Amino acid sequence: MSVSYAAEVQVAALEADPYGVYARLRAEDPVAWVPSVNRYFVTRFDDVMQVERNPELFSSVEEPSLMTRAIGATLLRKDGDDHRRIRKAAEGPLRPKVIKELWAPAFRNNADELIDAFIERGDADLVSEFAAPLAARNLGTILGLHNATAGDIQRWSQAFIDGCGNYTDDPEVWRRCATACEELDDAVTEVIPAAKRDHAPTVISSMATSGLSDDEIRTNIKIFIGGGVNEPRDATAVAIFGLLRHPAQRDAVLGGEISWRKVFDEAVRWISPIGMYPREVTGTVELGGKKLHRGDKLGVIIASANRDETVFAKPDAFDVHRDVASHVAFGGGPHFCLGTWVARISIADIALPTIFRRLPNLALPRPDDVQMAGWVFRGPTTLPTTWE
């Protein structure tokens with residue numbers, strides 16, 4: 001009896017480059033049991049959409065859960081009223097009108113200050129010196145974590161992300177995650193009293209004045225920090241990388257033919273910052289020709305859905321001219337990403353036009369040095385650039 005391709009898939013191969021694996025699974029076994037991560041991979045666009053549209057059959061409440069083990073029972077591992085209650089408490093400061101009027105000036109200032117620090121050198125790693133600290137600064141501002149540095153927030157975020165994706169059960173990853181949890185809990189505890197008293201327009205204040213317990217605030221701020229740094233960091237870096245590798249597309253954007261919003265959407269489709277999220281089956285159901293049963297665990301591979309050949313022409317290519325309205329980089333349904341508008345405004349409206357405006361003739365001197373890493377979360381590890 002031959003061994004299936006999915007049975008041979010290993011985490012190390014996914015970390016290095018998952019897209020070849022996903023393409024083969026879409027073609028041969030679109031809902032495939034992958035023993036190395038103990039779940040079915042859902043790789044086709046239509047099947048991912050079926051999961052999104054039926055949360056009663058494909059629950060976000062998964063037990064046991066790596067995320068719950070890493071950072072606690074956040075709203076991402078809740079459904080129904082409990083999920084809506086926490087989401088509603090946090091969403092006020094994240095609405096488009098509030099972001100444009102209140103947070104956008106801070107985003108612009110953060111971007112300019114970071115660029116000011118390296119512009120005279122003529123070279124910089126735009127992951128470590130721009131995309132990552134910008135995401136952390138912006139997030140700290142919105143959350144109301146004035147007692148944490150951008151470096152703190154970046155370190156905590158990476159520790160949480162590593163914990164939530166620790167499918168190899170690495171004890172060092174758990175140690176770093178536990179340390180980050182303790183440090184963040186202390187920081188949030190320190191700001192909660194003032195947040196309750198001052199009614200500031202921050203996420204922590206919104207949660208504190210909406211009836212959430214202090215423990216609920218501390219736990220859910222962890223997931224906001226986990227996703228709120230790595231996702232905008234990676235989306236920013238991927239967009240810059242894509243344009244620098246495709247000069248004609250860059251020129252079309254800089255000439256006003258293509259909007260920065262289209263650049264942003266193509267970047268998150270091409271290399272989705274969140275590549276996979278888990279779900280648990282609540283009853284017997286057929287998905288992608290596979291019969292699933294209550295308790296079966298899924299890996300919903302949105303990175304694969306965003307490269308489905310039946311939906312996107314030449315899906316492995318970065319192409320800002322394509323219509324990307326149907327991508328699923330932000331998920332969907334009740335769990336549609338809370339930070340979507342923060343990302344669109346902070347990256348497409350501010351970070352990308354600012355970096356290309358202020359750094360003339362921005363270039364990649366060594367394009368092959370740019371390495372991507374990850375599969376649960378994916379993005380460039382470095383982006384060495386030069387300019388005149």
State whether one or more residues within the range 39-57 are among the basic types (Lys, Arg) and out of contact with any strand residue (DSSP E or B) (no Cβ under 9 Å at 6 or more places or on another chain). yes
Going through the range 92-109 one residue at a time, which ones are open to solvent by less than 20 Å² (accessible area, probe 1.4 Å) and within 14 Å of ALA131 (Cα to Cα)? PHE107
Exactly one of ASP162, ASP169 is open to solvent by 70 Å² or more (accessible area, probe 1.4 Å), farther than 21 Å from ASP215 by Cβ and at pLDDT below 95, and that one is ASP169
Given the conditions (1) in contact with a Ser or Thr (Cβ under 9 Å, 6 or more places away or on another chain); (2) at pLDDT below 95, report the number of the one that VAL281 does not fulfil. (2)
Are any residues in the range 98-157 farther than 29 Å from PRO360 by Cα and basic (Lys, Arg), and if so, which ones? ARG155
Complete set of residues in the range 179-206 that are hydrophobic (A, V, I, L, M, F, W, C) and either within 13 Å of GLY92 (Cβ to Cβ) or surrounded by 17 or more Cβ atoms within 10 Å (Cβ to Cβ) (or both): ALA180, CYS181, LEU184, ALA187, VAL188, VAL191, ILE192, ALA195, ALA200, VAL203, ILE204
Among residues of the range 127-150 being of a type outside the set (A, V, I, L, M) and in a loop (DSSP other than H, G, I, E, B), the residue least open to solvent (accessible area, probe 1.4 Å) is GLY144
Going by the conditions given, is ILE115 under 23 Å from THR382 (Cβ atoms), surrounded by fewer than 22 Cβ atoms within 10 Å (Cβ to Cβ), out of contact with any strand residue (DSSP E or B) (no Cβ under 6 Å at 6 or more places or on another chain) and at pLDDT 95 or above? yes
Residue count, the range 337-382 (criterion: out of contact with any strand residue (DSSP E or B) (no Cβ under 9 Å at 6 or more places or on another chain), within 20 Å of HIS327 (Cα to Cα) and open to solvent by 20 Å² or more (accessible area, probe 1.4 Å)): 6
When residues of the range 28-61 are filtered for being modelled with pLDDT of 95 or more, touching a Ser or Thr at 6+ places or on another chain (Cβ under 9 Å) and open to solvent by 60 Å² or more (accessible area, probe 1.4 Å), how many remain? 4
Of the residues GLY140, GLY165, which single one is touching a helix residue (DSSP H, G or I) at 6+ places or on another chain (Cβ under 9 Å) and either of a type in the set (Ser, Thr, Tyr) or free of Cβ contacts under 8 Å to residues at least 60 places away in the same chain (or both)? GLY140
Leading residue by the ranking (nearest to GLN10 (Cα to Cα)) among those in the range 338-380 that are among the hydroxyl-bearing types (Ser, Thr, Tyr) and modelled with pLDDT of 95 or more: SER346
Answer from ALA27, ALA13, ALA23 - the residue that is small (Gly, Ala, Ser) and over 24 Å from the mean Cα position of the chain (by Cα): ALA27
Failed criterion for GLU286 (all others in (1) open to solvent by less than 40 Å² (accessible area, probe 1.4 Å); (2) touching a strand residue (DSSP E or B) at 6+ places or on another chain (Cβ under 9 Å); (3) within 18 Å of ARG53 (Cβ to Cβ) hold): (1)
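The values are calculated or read from the model by the stated rules, or taken from the named source; none is laboratory data. Just so you know, these numbers come straight off a predicted model, no measurement behind them. Neighbour counts are summed over all protein chains in view; Cβ atoms, including those assigned to glycine, are modelled from backbone coordinates with ideal geometry. With ligands, DNA and RNA removed, areas are computed over all heavy atoms of the protein, side chains included. Shrake-Rupley method; radii C 1.70, N 1.55, O 1.52, S 1.80 Å.
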